[in-house]
Amino acid sequence: MATPLTADRLLAALHAEGVTVVEHPGWRTHHRNHKGAWGPVNGVMIHHTVSSGSAASVALCRDGYAALPGPLCHGVIDKAGTVHLVSAGRANHAGGGDPAVLRRVTAEDYGDRPPAPRAHDGSTGAVDGNARFYGFECVNLGNGRDPWPTAQLDAIERASAAICRAHGWSARSVIGHSEWSAAKIDPRGFTMPSMRTRVTTRLAAPAKPPTKPTKPTQPSKPTQPAKPSNPTAPTSPTTPRYQPFPGASFFTARPSSPVITAMGRRLAAEGCGTYAVGPGPRWTEADRRSYAAWQRKLGFRGSEADGWPGRTSWNALKVPYTAKVP
Ligand SMILES: [Zn+2]
């Protein structure tokens, strides 16, 4: 039992665990606290969305629909492993569930799985799970065939561990919706015992923000092609792994910079590149169009997806460090 994390603490916990986070407009105050309790909290619940596409899934989970008003979770975890924050309070995700499950999750005293739930939303004695659980909706069709990419599973592991670490919980505080309600089947396509094993392993070590997990016995292998050597590039151990956001005016000045080439390569790797030639060092309209596709992939729309880089989308892109930008 614990007091829910504030929006700031939730965000800090996710960052500390190395989660790529996008804060969607208004997420800190978008909640259903006027409809019921938020807290004390006892765990984290994992769902699948039965939807596809980051933007559509984020919109659905933020707004909900007539019969189930949003927010429908705290964070949407997309297939690229980005966690989209849409709420920091009570959300419509868990519904009613089994009090026996809540007791075992709170005590963290079960084995592989909590007891099979017998209650569901609306059944006699069901407990209000929306007060008790953080919820992550993971983008997947839930048909058992839609794949769960490595990056997405990694983000589920990290986001769950972040909250457990912040509260001092073990991985037994992380359950699937199907483990809470007899009427639910999500998440489908991976098992919650396997995810709890991953979270347990992660929690055994200190939070490690910087990089993708690599086997400790092997040297880390760069995921990007080696950059041409640049004698002026800083080589001190404090060189960041990713290019810091150079500021909006850097782009609007239409620079010629290796940072733009590195950005274009990442956009192409994310399936957002619209380059006929390149990418190259000079900022062009193709860069802007490609970047707009990336913003839409993250769930931004309208003027927030105009192709001019902002800090949030830039950080999510993880452009390898190439050059110091004055
Ligand atoms: Zn669910």
Within the under-11-Å Cβ sphere about residue 69, not counting residue 69, Lys/Arg +1 and Asp/Glu -1 give a net charge of +2
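Test of understanding: ordering 47, 84 by Cβ neighbours within 10 Å, fewest first, what list do you get? Before the final figure, lay out each step's value.
Details: 47 25, 84 28.
Result, fewest neighbours first: 47, 84.
How big is the shadow of the Cα convex hull of region 248-317, averaged over all directions, in nm²? Walk me through the intermediate numbers first.
Values: hull surface 16.0 nm².
In nm², the orientation-averaged hull projection of region 248-317 is 4.0.
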Of 35/79; 297/318; 184/297, those spanning more than 21 Å from alpha-carbon to alpha-carbon: 35/79; 184/297
For a bin width of 5 Å, list the pair-distance distribution of region 7-203 built from all Cα-Cα distances, rounded to whole %. 1, 9, 18, 23, 23, 17, 8, 1, 0
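Antiparallel DSSP bridges in the chain: what percent, to the nearest 5?
Working: 10 of 26 bridges.
Among the beta bridges of the chain, antiparallel pairing accounts for roughly 40 percent.
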Quick calc: nm separation of the 7 Å Cα→Cβ label points for residue 254 and residue 277 -> 1.6
222 nm [θ] for the chain, helices only, -39500 (n - 2.57) per DSSP H run of 4+, per residue, to 500? -9000 deg cm²/dmol
Fewest-first ranking of 118, 104, 241, using other Cβ atoms within 10 Å as the exposure measure: 241, 118, 104
At least 24 Å along the helix axis (C-alpha) and Kyte average at least 0.0, DSSP helices within the chain: 150-167
Which of 23, 285 has the fewest other C-beta atoms within 10 Å, and how do the rest follow up to the most? 285, 23
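About the Cα centre, and with charges only on the beta carbon of Lys, Arg (+1) and Asp, Glu (-1), how big is the dipole of the chain? Nearest 20 debye, please.
Details: 39 positive and 22 negative charges, 152 e Å.
Here the chain has a charge dipole of around 740 debye.
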Computed lengthening from residue 66 to residue 113, 0.36 nm per intervening residue step minus Cα-Cα distance: 13.5 nm
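Each reported figure results from applying straightforward, stated rules to the coordinates on display, with no laboratory input. Quick caveat, the model's predicted, so the values are computed rather than measured. In this analysis, Cβ positions are derived from the backbone assuming ideal geometry, glycine residues included, and neighbour counts consider all displayed protein chains.
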